[in-house]
Every structure is written in C-alpha cells, then in structure tokens.
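Data block below; observations after.
Since every read-out is calculated from the coordinates, none of them should be taken as a lab result. Quick caveat: nothing in here was measured; it's all calculated off a predicted structure. Using ideal geometry, Cβ is built from the backbone for each residue, glycine included, and neighbour counts are taken over all protein chains shown.
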Amino acid sequence: MINKREKGVKIMKYIPPKFERFSQMSAIDVGRLTEDEARGIIENIRWPKGIKCAHCGSENVTRINSKSEKVRDGLIQCNDCRKQFTVMIGTVMEDSHITLRQWVQAFHSMSSHKKGISALQLQRNLGLGSYKSAWHLAHRIRLAMKEGPLAVALKGTVEVDETYIGGKPRKGGNGKPNKRGRGTKKAPVMAIVERGGKIISKPVENVTAKTLKSAIREAVDNEAKIVTDEYQSYTGIGKDFKGGHEVVNHGLGEYVRGNAYTNTAESFFALLKRGVHGTFHHISKKHLAKYCNEFSFRWDNRKATDGERAEQAIKGFTGKRLTLKNLLGIQGNFNYALSGE
C-alpha cells in the first residue's frame, strides 16, 4: 500500500510487489500468478542461462508465437533437430493437462507444509477436477524432491535410529493388545542424519544387524562417529568408523549423555509421524519411500525459505517421469493403488 494526497484527499492505492526470483515469493504471491508468468518462472528455473532444446540440448531455438488456438502456449522449436517442445517435456510434468500455475502452486504448497499436504487438500486448493489428478500430481512432485545418491557421505557426528510406521495396534485374538514398536507388523523406517546436515530416511525390509549396518556403511564417511540407542543390531558398528560408536540406553531412561543422543533423528520421526497421522491418516507400504523422500527433502532444506525450497524442488523435476500407469502398478486399479495415500 502507498499513500497519496490528491486535492487534500488521502488515497490508498495498492501496488503489486515485483520479484526478481520465484524464491522471493510467498504463497499469496504465487496464487496471483498468470499462466504466462508461471511458465516464465519454470523456464527460468530449468534454463537459467537460456533455453535449450529438451531433445538434443541445442541452444539454437526459436519460440513459436501464434494466435491460433491450435498452437500450444509456450511452444519452442529447435533449429538443429527440428523438434518442437515446451518446458514440460522431459520433466515430471510431461503429458500433464494441469495448468502451469497449478503446478507452481502445488510445488510451493508441498515445499512449505512441514507435515505435508494431502492430495484431497491439494484438489480443493488448486481446483482440480478429480482426486486422482491431485494424487498423481503429488507423487510426481515427490519424485522431483527425491535426491540422487549423496555425492559426499555423511560426516561428523551421525545419529542412526529406526521407527515403525502404521496404524494403532488393535487387540489380538486373545484379547491382549498387539506388541508396539520392534516386532510389530508395521513398516520399519530407518533414519541416518548428520547433525546440522542432511538426512537419509527410507523404509527397510527388516531391522537385522546385516540390514542396518549395511545402510550405515553405505551412507556414512568412515571418519564419522555413530550414535545410536542400545538396540543390539547396532552392536559392533563402531569397528567400521574411526570416530567410534556411542550408545544411549533408552531402556534405562538415558536419553542424553554429553554429546551422545539421538534426539535429532527422533525429531525427524516426530514430523514424519505427525504427517502420517494428522495429514495423510494412512500410508501404504508401497508408497512409503516416496513420503520419506518428501520429508527428507524438507528436512535437508529446513533453513531455506518456502520459496527457496519450492525452487529447489522444481530444479529436481528434469529427467524424471512417473506415469499414472507406473504409479498404479500391475493391477492398474486406482482404488487398489491408494490403500491410503
């Protein structure tokens, strides 16, 4: 807002803010974007040094401007390979009928909600025609958020812990409640987190020593120090790391001993579980890894602004595809594939 005086009358006039980068925008600014503005944002993020052909990588391209309704908006032609493309080609958005402004808003929403946002809420917020479209959209964004193998292994003090994702245990046939935690039918999820750094979280087949130790060796630098609880599967892991292995005994009520604690990993699990129970309500084992990728992405970029996280997520959309057919699996049944979100 700015104030102006005209013949003694105070006039309030709204001046729309201007932004140099998408990362500077808040949710309300993203909601005002036109389709052309959204396209420009995505093109600038994908091609910061100028447009390149999505097929051959050539910079010798021409934008096709036509008033004909038969010509797609944002169409570009490569003058070398002669193929046509838009910014959506070769990304998670390829073959999508969802508008670019809806895509940008979805990226921003999923990057800014600490505990996630459900597909049903996305459908309402974006005005999508069906829940299936919103569900597919959300999983494609989770794929964009998925980071490749770490170029640098986790260093310093690295906490390792595991938790179990699933519904509340019901009473068994003998009238006694089922066991909670280790030994249940829930899906085990492992977290390996560098203090002050990145995290690797993923579902694991089991919590045996072979499985857990193998995952730790793969992700952690051998100069690091490992900190875990007293679970027996971690016993002996210190032999593989020069920093050794420290243990906090939760069973004896010990949670912090000097610099030995697993509170960082447990903080991540707290966010993940709040998302499962409060936002998604149920997650099938089939899709659990995708949700771990989403929560890990937000954790790794926790010091960034919402706009910066959204921009980082969009940067990861190139070279990835997730068709609805692949997402549904062999059965090809949407309701079966859901089994929760």
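May I ask you to evaluate 6.51 cos²θ - 1.76 cosθ + 1.60, the Karplus curve with θ = phi - 60°, for each residue of segment 71-83 and list the ³J(HN,Hα) values in order in whole Hz, giving x for glycine and proline?
9, 5, 5, x, 6, 10, 10, 7, 7, 9, 8, 6, 8
Kindly state, to the nearest 0.05, the FRET efficiency for D80 paired with K325, given R0 = 30 Å and r defined as their beta-carbon distance.
On the way: r = 32 Å, r/R0 = 1.07.
Efficiency, rounded to the nearest 0.05: 0.40.
Would you order H250, H139 from fewest to most other beta-carbon atoms within 10 Å of each residue's own beta-carbon? Walk me through the numbers before you get to the answer.
Details: H250 14, H139 20.
Result, fewest neighbours first: H250, H139.
Would you mind checking the radius of gyration and Dmax of the chain based on alpha-carbon positions, in Å?
Radius of gyration, then largest Cα-Cα span, for the chain: 24.0, 85 Å.
If you stretched the chain out fully between H97 and K202, how much longer would it get, using 0.36 nm times the residue separation minus the C-alpha to C-alpha distance?
Numbers: separation 105, 0.36 × 105 = 37.80 nm, distance 3.13 nm.
Separation in residues times 0.36 nm, less the Cα-Cα distance, equals 34.7 nm.
Angle between the Cα long axis of helix 35-46 and the longest principal axis of the chain, 0 to 90 degrees, nearest 10?
Helix 35-46 sits at roughly 50 degrees to that axis.
Evaluate Rg over Rh across segment 87-132, taking Cα atoms for both radii and Kirkwood's formula for Rh. Could you put the intermediate results ahead of the total?
Working: Rg = 11.0 Å, Rh = 11.3 Å.
The Rg/Rh ratio comes out at 0.97.
Given H placed on each backbone N at 1.01 Å, which residues far from K202 in sequence or on other chains put an amide H within less than 5 Å of it?
M190
List the pairs from K52/K290; K186/K239; K198/K325; K185/K210; K146/K303; K52/K320 whose alpha-carbon separation is above 25 Å, in the order I gave them.
Working: K52/K290 30 Å; K186/K239 31 Å; K198/K325 32 Å; K185/K210 20 Å; K146/K303 18 Å; K52/K320 17 Å.
With Cα atoms farther than 25 Å apart: K52/K290; K186/K239; K198/K325.
Sticking with the crude label model, points 7 Å out along Cα→Cβ, report the distance from K239 to Y131 in nm, one decimal please.
5.2 nm
Where in segment 103-123 is the amide nitrogen less than 12 Å from a point lying 7 Å along the Cα-to-Cβ axis of H281?
118-121
Would you order I64, I165, I15 from fewest to most other beta-carbon atoms within 10 Å of each residue's own beta-carbon? Intermediate results must be reported in sequence, preceding the final value.
Numbers: I64 14, I165 20, I15 7.
Listing I64, I165, I15 from fewest to most nearby Cβ atoms yields I15, I64, I165.
Of all beta bridges DSSP finds with both residues in the chain, what is the antiparallel percent, to the nearest 5? Present the calculation step by step, with values, prior to reporting the outcome.
Details: 26 of 34 bridges.
Antiparallel bridges make up about 75 percent of those DSSP assigns within the chain.
What 222 nm value per residue comes from the helices of the chain, counting each DSSP H run with n ≥ 4 as -39,500 (n - 2.57) and dividing by all residues, nearest 500 deg cm²/dmol?
On the way: 11 runs with 108 residues, N = 341.
So the calculated ellipticity at 222 nm is -9000 deg cm²/dmol.
Lone cysteines in the chain, going by a 4.7 Å Cβ-Cβ cut-off?
C292
So, R0 is 22 Å and r is the distance between the beta-carbons of Y14 and A304; what FRET efficiency does that work out to, to 0.05? Intermediate results must be reported in sequence, preceding the final value.
Working: r = 29 Å, r/R0 = 1.30.
Between Y14 and A304 the formula returns 0.15.
Using the 10 angstrom Cβ neighbour count as an exposure proxy, how do V256, V248, V204 rank, fewest first? Numbers along the way, then the final one.
Working: V256 10, V248 20, V204 15.
By the 10 Å Cβ count, ascending, the order reads V256, V204, V248.
Quickly work out the T62-to-K114 label distance, labels modelled 7 Å from Cα along the C-beta direction, and quote it in nm with one decimal.
The answer from the label model is 5.3 nm.
Report the gain in length on full extension from Q121 to A289: 0.36 nm times residue separation, minus Cα-Cα distance, nm rounded to one decimal.
Working: separation 168, 0.36 × 168 = 60.48 nm, distance 2.11 nm.
Length gained between Q121 and A289: 58.4 nm.
Please determine, in degrees from 0 to 90 and to the nearest 10, the orientation of helix 288-300 with respect to the longest principal axis defined by the Cα atoms of the chain, where the helix direction is its Cα long axis.
80 degrees
Mind pulling the angle between the C-alpha long axis of helix 306-315 and the longest principal axis of the chain? Nearest 10 degrees, somewhere in 0 to 90.
Tilt of helix 306-315: around 80 degrees.
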